[in-house]
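Structure, as structure tokens:
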Amino acid sequence: MSSSSKDQILAAIRRQQLPPRELPPLDFAPLVYDDPQQHYTETLTGIGGRVVVANSIEDVQRDLDQHDLYVEARQICSLVPGIARANVDLDALDDPHQAETIEFAVLPAKFAVAENGALWVTDENVKHRVIYFICQHLAFVVPRDQILSNMHQAYERLSFDSPGFGAFIAGPSKTADIEQSLVIGAHGPKSTVVYLLG
Amino acid sequence: MPRVGLFIPCYIDQFYPQVGLATVTVLERLGVEVDYPTAQTCCGQPMANTGCTDQAAPLAHRFFEIFRDYEYVVCPSGSCTSMVRTHYDDYFQSEPAFEPFKHRVFELCEFLVDVLKIDQLGGKFPHKVGLHNSCHGLRELRLGKGSETVGPAYNKSRQLLAGLNGISFAELSRVDECCGFGGTFAVNEEAVSCMMGLDRVADHETAGSEIITASDMSCLMHLEGLIRRQKKPLRVMHIAEILAEAMTP
Amino acid sequence: MPTATEKFNHADDATAFVANHARAKWHDQALWFVRQKRDRMANSLPEWEALRETASSIKAYTIAHLAELLEQFERQATKLGAHVHFAKDAAEHNEIVLGILQQHGVKKAAKSKSMLTEECHLNPFLNRHGIDVVDTDLGEWIVQLRNEPPSHIVLPAIHIKREEVGELFHEKIGTEKGASDPTYLARAARRKLRETFMEAEAGITGVNFAVAETGGFVVCTNEGNADLGVSLPKLHIACLGIEKLIPQAKHLAVFLRLLARSATGQPITTYSSHFHGPRPGGELHIVLVDNGRTDILRSDEFRRSLNCIRCGACMNTCPVYRRSGGHSYQSTIPGPIGSILAPSRDAETYYSLPYACSLCGSCDDVCPVKIDIHHQLLTWRREIAVRGYLPWSKRLSMRMMSLVLRRPWLYRLAGSLGRFALRWSPRFMIYNGLNAWGKQRELPLAPKQSFRALYRQRQAKNGKS
């Protein structure tokens with residue numbers, strides 16, 4: 001049934017002989033920032049995130065310790081080595097549903113994009129990718145020298161030749177579905193802090 | 001100086017003759033030789049925009065025959081100019097002479113700026129003017145940069161007005177929102193059309209416009225209809241009327 | 001959805017919406033606010049117009065090579081471990097989804113926003129087969145609870161006031177009576193829908209972009225609902241129209257830069273999730289749907305409407321949509337782009353939509369893939385006249401008008417008679433129920449003489465003939 005539908009659809013498309021076209025070259029000059037870190041900080045702040053520059057993982061810990069969301073969290077999961085108080089081992093959970101009770105997560109990101117405040121994250125070494133979405137509050141750690149200006153540079157870094165999950169995440173989850181009134185914390189994390197490390 | 005065939009839209013001919021005369025005044029004062037071919041009636045836009053292209057086609061062909069030999073055709077309406085330049089192609093598939101011709105058809109302000117290369121007209125007009133950027137002039141003829149697009153700002157109508165002594169501009173909150181005329185839309189969708197128009201009028205009132213001007217009298221006919229019904233202290237003037245008044249000593 | 005026999009006319013629904021003037025004004029301003037955010041975002045990128053041009057060319061390439069790209073996508077996605085299905089129409093799409101759900105014994109599914117499943121009316125279909133589908137996007141959930149369709153493709157509940165949401169939530173999920181604070185209400189929805197996410201046995205999503213080169217696809221949301229919906233249960237079903245393909249992964253840069261900026265004036269959506277194959281231990285089904293798209297593809301005039309990436313920018317900028325509300329279009333996709341797509345499906349029923357447009361052209365200029373929307377609406381008007389769906393009164397009046405305008409003497413005569421009548425008729429003759437112009441507007445003051453008469457006198461005075 002479905003293979004015949006496929007044939008019918010393809011035949012319907014091919015009945016219309018459209019002249020072949022060339023793909024456009026991506027040859028325009030995209031915006032590149034002199035100071036991507038500053039622009040990243042401004043952009044993420046503008047979409048409800050917080051940016052902290054950290055010289056070391058101890059700096060990250062010191063900042064975390066000053067915030068109630070972390071201090072008062074009972075269940076904390078960290079995939080960044082050296083974070084104290086991490087008491088949930090994601091690898092030990094059999095079922096992603098068990099991650100629902102995690103209040104705070106500290107997770108690594110590969111790189112940041114200045115033009116939109118996004119971080120690139122993947123499920124590499126992350127047993128349950130739901131952790132990015134299900135925890136109540138989220139901290140990311142990203143190398144400070146890994147801030148790109150724009151999305152074209154981002155895709156130059158990415159390849160998708162094997163199965164896997166990856167996402168650009170820009171700030172905490174949000175909705176404006178009630179009268180265009182912005183509410184931070186829709187279904188995903190209610191807050192996001194990004195540590196620029198190094 | 002070039003010889004110009006004057007293209008006066010039908011509703012200007014019938015209802016706003018002073019706009020036609022003002023156009024003649026502006027062109028003649030700039031030394032242009034103006035000729036008004038009296039066989040002209042209408043470019044066919046109302047029929048074409050209703051979808052009745054077979055009713056518009058004979059009018060398009062009449063138009064071409066009447067105006068084809070002029071060096072330039074000038075019209076005090078962006079919408080009617082655009083009808084010829086951007087919407088006539090379908091009627092002239094087998095007429096190679098149309099393609100070069102359509103590029104000689106100009107809206108008044110663009111003719112002054114692009115052909116006559118006028119930077120400043122001189123003259124004075126000591127009033128606070130709200131410029132209504134009529135849609136077809138703006139987004140089809142590109143007489144100015146629309147608020148939707150990204151790039152350097154320009155606006156041929158405003159540039160001409162800005163050169164007049166004593167003029168000031170009312171700055172609108174929505175600089176180029178449609179007035180809601182839209183041809184037969186004005187009666188087909190009467191409720192939305194009038195709400196759009198009243199919203200434009202309110203924007204002008206808030207901005208302190210004394211006179212609303214535009215390069216299309218059709219928008220102004222709609223806005224004036226609303227203004228007169230509501231007895232508001234606003235006036236409308238076609239941009240040709242303002243330029244002609246300023247240029248007349 | 002209306003049918004031809006019900007004689008749906010957009011103007012009637014629009015008139016009803018405008019009648020509540022305060023609400024129409026509020027609706028207009030809410031969407032204008034989004035348009036302004038879009039303008040600020042567009043202007044933050046000097047290369048904006050080049051991006052639009054590039055996106056438009058990529059989409060034109062996609063449509064010209066669609067068959068090969070679909071085959072490539074299927075090959076790659078299958079290699080990654082996904083199951084790929086093709087559906088000719090909505091009915092087949094719904095059967096495929098039902099079959100997969102039944103095979104897994106699913107009783108409850110969490111769905112994230114997908115205009116395709118709206119188009120196919122998947123929810124009522126699954127409900128009839130005993131499967132509970134919950135729309136998890138907040139706006140979609142609100143309209144689902146109200147048992148009505150979304151009024152906008154990106155902002156489904158843009159027509160609903162916070163007080164109404166408060167009342168609805170009070171009734172359905174027991175929030176405090178009278179509470180209308182958006183944060184309070186959104187938090188209540190978060191708690192309630194967390195239960196859904198925990199219970200759902202399958203996640204259904206739409207797709208924003210599917211990449212032929214890699215066999216993967218991207219889903220964009222702000223709320224995180226799509227990701228929660230498909231990262232908890234083992235089963236993920238992704239439904240997309242065949243036009244959602246793009247050739248290569250690097251093209252995602254172009255489209256992700258344009259999409260959220262055009263849609264809501266954000267630099268990017270909070271989540272842009274790239275799915276390549278099922279997650280370990282999970283199962284991924286991808287359903288590619290035609291449902292009339294190949295018919296549009298075969299039309300030289302309307303093919304470009306398949307470029308649409310469903311950002312909704314044309315709705316936000318449309319002065320008619322803003323004042324008539326999304327439901328006045330009575331079609332899954334409302335607004336300017338919907339007025340092209342709906343008649344492609346059923347021209348007789350939706351004949352009035354191409355006329356729900358003042359031809360201002362603003363939609364063309366905000367469209368991130370440069371669809372010439374208002375030109376296509378004009379083309380639709382011609383089609384509708386040719387197919388005989390235009391009311392006879394309009395056809396007749398246009399014919400009469402043309403007959404007059406082809407004869408200068410008749411035109412002059414009609415003009416002077418008309419002006420004479422306008423000048424001398426008593427007011428009630430002119431301003432009555434037959435005159436839609438005169439309901440809220442004065443007619444122009446008729447001058448004694450036409451321009452041509454005055455011009456002739458002027459030439460005579462100046463000694464010219």
Report task. Give C:R38, C:R23 a once-over and let me know the one that is modelled with pLDDT of 95 or more, over 30 Å from A:G164 (Cβ atoms), part of a helix (DSSP H, G or I) and open to solvent by less than 10 Å² (accessible area, probe 1.4 Å). Result -> C:R38
Requested in this report: Being touching a Leu at 6+ places or on another chain (Cβ under 9 Å) and assigned to a helix (DSSP H, G or I) is the filter; apply it to region B:109-139 and report the residue that is farthest from C:C363 (Cα to Cα).
Outcome: B:L112
Query raised in the report: Looking at C:G105, is it open to solvent by less than 60 Å² (accessible area, probe 1.4 Å), more than 25 Å from the chain's Cα centre (by Cα) and free of Cβ contacts under 8 Å to residues at least 24 places away in the same chain?
Result: no
**Report entry** Residue selected from region C:132-156 under the condition part of a loop (DSSP other than H, G, I, E, B) and farther than 13 Å from C:G312 by Cβ, by the criterion nearest to the chain's Cα centre (by Cα)
**Finding:** C:P149
Query - Matching residues, region C:45-64, being more than 25 Å from the chain's Cα centre (by Cα) and either more than 9 Å from chain A (Cβ to nearest Cβ) or surrounded by 19 or more Cβ atoms within 10 Å (Cβ to Cβ) (or both) - result: C:L45
Query raised in the report: Is at least one residue of region B:90-100 open to solvent by less than 30 Å² (accessible area, probe 1.4 Å), aromatic (F, W, Y) and without any contact (Cβ under 8 Å) to a residue 40 or more places away in the chain?
Result: yes
Report task. Search region B:5-22 for residues that are of a type in the set (V, I, T) and pair each with any residue that is in a strand (DSSP E or B) when their beta-carbon atoms are under 7 Å apart and the residues are at least 6 apart or on different chains. Result -> B:V19/B:H238
Query raised in the report: Under 9 Å by Cβ, and 6 or more places apart or on different chains, what pairs join a residue from region C:210-221 that is closer than 16 Å to C:V154 by Cβ with one that is acidic (D, E)?
Result: C:V219/C:D227; C:T221/C:D137; C:T221/C:D227
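Out of C:I268, C:I242, C:I237, C:I246, I need the residue that is modelled with pLDDT of 95 or more, in contact with a Lys or Arg (Cβ under 6 Å, 6 or more places away or on another chain) and not assigned by TED's automatic domain parsing to the domain that holds C:W32. Which one? Before the answer, list the steps.
Details: C:I268 fails: in contact with a Lys or Arg (Cβ under 6 Å, 6 or more places away or on another chain); C:I237 fails: in contact with a Lys or Arg (Cβ under 6 Å, 6 or more places away or on another chain); C:I246 fails: in contact with a Lys or Arg (Cβ under 6 Å, 6 or more places away or on another chain).
Result of the check over C:I268, C:I242, C:I237, C:I246: C:I242.
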Requested in this report: Quick one: in region A:132-185, of everything that is in contact (Cβ under 8 Å) with a residue 40 or more places away in the chain, farther than 25 Å from C:H152 by Cβ and of a type in the set (S, T, Y), which residue is nearest to the other protein chains (Cβ to nearest Cβ)?
Outcome: A:Y132
Query raised in the report: Quick one: how many residues across region A:165-197 are open to solvent by 10 Å² or more (accessible area, probe 1.4 Å), within 23 Å of C:A30 (Cβ to Cβ) and either at pLDDT below 95 or assigned to a loop (DSSP other than H, G, I, E, B) (or both)?
Result: 6
Query raised in the report: Does region C:55-75 contain at least one residue that is assigned to a loop (DSSP other than H, G, I, E, B), polar (S, T, N, Q) and more than 25 Å from B:S147 (Cβ to Cβ)?
Result: no
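Matching residues to (1) more than 25 Å from C:L69 (Cα to Cα); (2) in the same structural domain as C:H374 (by TED's automatic domain parsing):
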| position | (1), (2) |
| --- | --- |
| C:H274 | no, no |
| C:G282 | yes, no |
| C:L297 | no, no |
| C:P319 | yes, yes |
| C:A347 | yes, yes |
| C:Y350 | yes, yes |
Query raised in the report: All but one of (1) assigned by TED's automatic domain parsing to the domain that holds C:R261; (2) open to solvent by 10 Å² or more (accessible area, probe 1.4 Å); (3) assigned to a helix (DSSP H, G or I) hold for C:D13; which doesn't?
Result: (1)
Requested in this report: Of all residues in region B:157-182, count the ones that are open to solvent by 30 Å² or more (accessible area, probe 1.4 Å) and within 19 Å of C:C360 (Cα to Cα).
Outcome: 3
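Okay, residues lined up against (1) open to solvent by less than 80 Å² (accessible area, probe 1.4 Å); (2) at pLDDT below 90; (3) acidic (D, E):
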position	(1), (2), (3)
C:S425	yes, yes, no
C:I430	yes, yes, no
C:G433	no, yes, no
C:K439	no, no, no
C:P444	yes, no, no
C:K448	no, no, no
C:Y455	yes, no, no
C:A460	yes, no, no
C:G463	yes, yes, no
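The values are calculated or read from the model by the stated rules, or taken from the named source; none is laboratory data. Just so it is clear, the structure is predicted and the values come from calculations on it, not from any experiment. Methodologically, a virtual Cβ is constructed for each residue, glycine included, from the backbone with ideal geometry; neighbour enumeration extends over all protein chains shown. Areas reflect the complete protein model, heavy atoms only, side chains present, ligands, DNA and RNA absent. Shrake-Rupley method; radii C 1.70, N 1.55, O 1.52, S 1.80 Å.
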